[in-house]
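The values are calculated or read from the model by the stated rules, or taken from the named source; none is laboratory data. Keep in mind that this is a model prediction, so the values were computed, not measured. Note that each Cβ is placed from the backbone with ideal geometry, even for glycine, and that neighbours are counted across all protein chains shown. Each accessible area value is taken on the protein alone, full model and side chains, heavy atoms only, with ligands, DNA and RNA left out. Shrake-Rupley method; radii C 1.70, N 1.55, O 1.52, S 1.80 Å.
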Amino acid sequence: MGEVSRGARALVICPDIRGIRYDLDAASRLAEAEGLALAIGIVVAESFILPVREVRPNLLFGAGQVENIRIACEQNEAELVVVDGALSPIQQRNLEEKLARKVIDRTGLILEIFGERAATAEGRLQVELAHLDYQQSRLVRSWTHLERQRGGFGFLGGPGETQIEADRRMIRQRMGRLRKELEQVRKTRGLHRERRERAPWPVIALVGYTNAGKSTLFNRLTGAGVMAEDLLFATLDPTMRAITLPGVEKAILSDTVGFISDLPTQLVAAFRATLEEVTAADIICHVRDISNPSSAAQKAQVLDVLRDLGVIEGEGEVSAIPIIEIWNKWDQLDADDAEELASLASADKSVVPLSALTGDGVEELLATLGDMLTRKAAYRTYEIPASDGRKIAWLYAHGEVVDDVAAEAAEKGPTRKISVRLNPKELGQFETLDW
């Protein structure tokens, strides 16, 4: 592990900065920060919320607050301070000097978790790319030889290249190589996706906030041995398995990385390919931890990510891909909450309450998925020459045409852009027929 070591005693601090609108309340953010620390084996010695009236550019906190943090570290024998927020390189360095302890911010902590959990080649490449992106702005505190220079003499040679510039150049070169490798992985991934799309098997993607129970549900439905623990980011890499549903001989179930509020920008970009599987799905199952008090705020975070991926359009929840909500961890609700939520779920056909842990409600989920796939199946958009009346007529006869727009392709001439829903069998027929 790069930044922190397992078993390290830590002070977890959640800054509550005045004037900033957070997605979760301070107590929920603190609990999440503790979860992130525990997920990587850190021992949380103490945790607290620290109100910040005015952000100090050099330390984030006021001088008195920094002194209180130092005293708390000594009292709790904490060797690490975790700040649940973004620290600038200067703030991080100054806090480490004042506290005489290692300081890590939210971005660094999540990168540590991702670095430990990534299992596939793609996952490891993505993590390393994100880590280098994060590191290059922090070379100011990562090296002790920054002022050494090498270069020529006199005016022509110039003062030479400082070591920090050389290090940054090396990081940029490594990042360039990683991006090329990732692009190759994405191309391979795209070929696999095209092959799946040609096969008459629908894809069901599980999405949800981290620790909502996606991997537990995935294991329940497929019998796969995917890591499923009560930890944030227990699984990072997308996993796919075949399942059988009522009326559907074969479907592909995909488990994706968990979402989280304020995901570091480096990771949003780096893990986009991991989430691209969602855009090729026929049904999205949004798994929610319905027992969590912050469940509504977590749902909003997931929908924001789906909106960024283009799955959901506009400010509402209108989706080109059918979405069903799975209200998981039903077994953890008390009787009153369960009764109230049950009445809400019964009034909404897109909601399935269940417990992935006990298996209650899983049969209802499978029946719902089977019904959806046989009733309203895959959503596809085809660009067809306007003169090809046979294909156009076939789509209208066998599918549910959602949109039909006239277009003009440079080489092909007039075309029709037809968006249509087809069940798995008809999708396979259309894409394999010898037109």
Accessible heavy-atom area order of 107, 216, highest first, probe of 1.4 Å: 216, 107
Filtered pair list for segment 331-435 (Lys only, Cα < 28 Å, 8 or more apart or interchain) has a length of 9
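Mean separation of Cα pairs under 8 Å and 6+ residues apart, divided by the residue count of segment 1-138: what relative contact order is that in percent?
Numbers: 201 pairs, mean separation 38.5, N = 138.
Result for segment 1-138 is 28 percent.
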Hits among aspartates and glutamates - C-alpha to C-alpha of residue 98 under 20 Å, sequence gap 8 or more where chains match: 3, 46, 54, 67, 74, 77, 79, 84
Residues with beta-carbon under 9 Å from that of residue 288, excluding residue 288: net charge, scoring Lys, Arg +1 and Asp, Glu -1? 0
Could you pull the accessible area for residue 240 with a 1.4 Å probe, rounded to 10 Å²? 50 Å²
Just the accessible area for residue 398, please: 1.4 Å probe, Å², rounded to the nearest 10? 70 Å²
What is the percent carbon and sulfur in the accessible area of segment 59-116, measuring with a 1.4 Å probe over the protein chains and ignoring ligands? 48 percent
Dipole-positive endmost among 300, 373, 312 within segment 284-435 (Cβ charges, Cα centre): 373
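For a quick protection proxy, order the peptides 304-310, 277-283, 79-85 by their average other-Cβ count within 10 Å, most packed first. If you can, show how the numbers build up before the last one.
Details: 304-310: 15.3, 277-283: 21.1, 79-85: 22.7.
In descending order of packing, they fall as 79-85, 277-283, 304-310.
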If you keep only loop residues by DSSP, which GluC sites (Glu not before Pro) in segment 280-350 have at most 15 other Cβ atoms within 10 Å of their Cβ? 315, 317
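How high is the relative contact order of segment 55-99, given as a whole-number percent (alpha carbon pairs under 8 Å, six or more residues apart)? Spell out each step's value before the answer.
Working: 23 pairs, mean separation 26.3, N = 45.
Reported as a whole number, the value is 59 percent.
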When Lys and Arg each count +1 and Asp and Glu each count -1, what net charge do the other residues less than 13 Å away from residue 301, Cβ to Cβ, add up to? -2
Give me the one-decimal nm value for the distance between modelled label points at residue 96 and residue 382, 7 Å along each residue's Cα-to-Cβ direction. 5.9 nm
Heavy-atom accessible area per residue - segment 1-137, 1.4 Å, Å²: 44 Å²
